[in-house]
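The values are calculated or read from the model by the stated rules, or taken from the named source; none is laboratory data. Everything numeric in this text was worked out from a predicted model, so none of it was measured. Counting neighbours? That spans all protein chains shown, and the Cβs are built from the backbone with ideal geometry, glycine included.
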Amino acid sequence: MSDEIFRAPVTKPDRTKVPFQLPQPAGVKPEVYIHNALDLDSDENEWVSQAEGISFKPLLFDATSGYFVNILRVRKAGVLSRHRHSGTVHAFTLRGRWHYLEHDWVAKAGDYVTEPPGETHTLVVPDDVEEMMTLFHVTGGYTYVDPYGTTLAVEDVFTKIEQARKHFENIGLGADYVNKFIR
């Protein structure tokens, strides 16, 4: 008998399926992975209260680049805020509807909006909407203003981190729980 019958065939590994073999650059932080991030009815502890009927679910706080990603949940109708953007904002409406008084469109589930830096607008949730949820990717922050531009408050990645830190500490998860969202 020939030795060829008993030898396993030699196969070359599929190089497209081999993971990267070198170390990552020094200082690179690990990725943020959130299982079921778009589960809108997830654990209530993940939702940080901002005001009566308004909360957010943090997905990412990038303190180095100055942006944050979260899901805003509004369980009340009416004017939510009037604000000016210092950077670009991307919005993906996941549930319900919302609009700006300054524009003629209405964002509903499945819609995408990009908002330019410098624009000031007034966010409204219509009276017949019980719950609105929108994923926002906010670069820079917001300056909350009155109808004539007088500054009322400022919100950015650092104020969001602090809100989340206090929330997680108050509900017993510990202040450091927020660190899983910070890069």
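Cβ-Cβ distances below 7 Å connect the following pairs, each with a first residue in the range 124-151 that is closer than 19 Å to Thr88 by Cα and touching a residue at least 24 places away in the same chain (Cβ under 8 Å), a second residue that is among the aromatic types (Phe, Trp, Tyr) and surrounded by 16 or more Cβ atoms within 10 Å (Cβ to Cβ), and a separation of six or more residues or different chains: Thr134/Phe92; Thr134/Trp98; Leu135/Phe92; His137/Tyr67; Val138/Tyr67; Val138/Phe68; Thr139/Tyr67. Would you be able to tell me the number of residues in the range 119-154 that are among the small types (Gly, Ala, Ser) and under 20 Å from the mean Cα position of the chain (by Cα)? Residues in the range 119-154 being among the small types (Gly, Ala, Ser) and under 20 Å from the mean Cα position of the chain (by Cα): 2 in total. Residues that are within 30 Å of Met133 (Cβ to Cβ) and among the hydroxyl-bearing types (Ser, Thr, Tyr) were ranked within the range 11-42; the one that is nearest to the chain's Cα centre (by Cα) is Tyr33. Just one of the listed residues (Gly96, Gly110, Gly141) is closer than 28 Å to Lys29 by Cβ and small (Gly, Ala, Ser), namely Gly141. Taking the numbered list (1) surrounded by fewer than 15 Cβ atoms within 10 Å (Cβ to Cβ); (2) out of contact with any Ser or Thr (no Cβ under 9 Å at 6 or more places or on another chain); (3) within 21 Å of Ile171 (Cβ to Cβ) in turn, Asn70 passes all entries but (1).
When the range 78-115 is limited to residues that are basic (Lys, Arg) and closer than 22 Å to Pro147 by Cβ, the one that is surrounded by the most Cβ atoms within 10 Å (Cβ to Cβ) turns out to be Arg82. For the range 43-59, the condition holds for no residue, the condition being that it is hydroxyl-bearing (Ser, Thr, Tyr), more than 23 Å from Pro116 (Cα to Cα), over 13 Å from the mean Cα position of the chain (by Cα) and modelled with pLDDT under 95. Hey, which of the strands (runs of 3 or more DSSP E) in the range 63-119, taking only ones fully inside, have at least 3 residues that are in contact (Cβ under 8 Å) with a residue 40 or more places away in the chain and hydrophobic (A, V, I, L, M, F, W, C)? Output list reads 67-74, 89-95.
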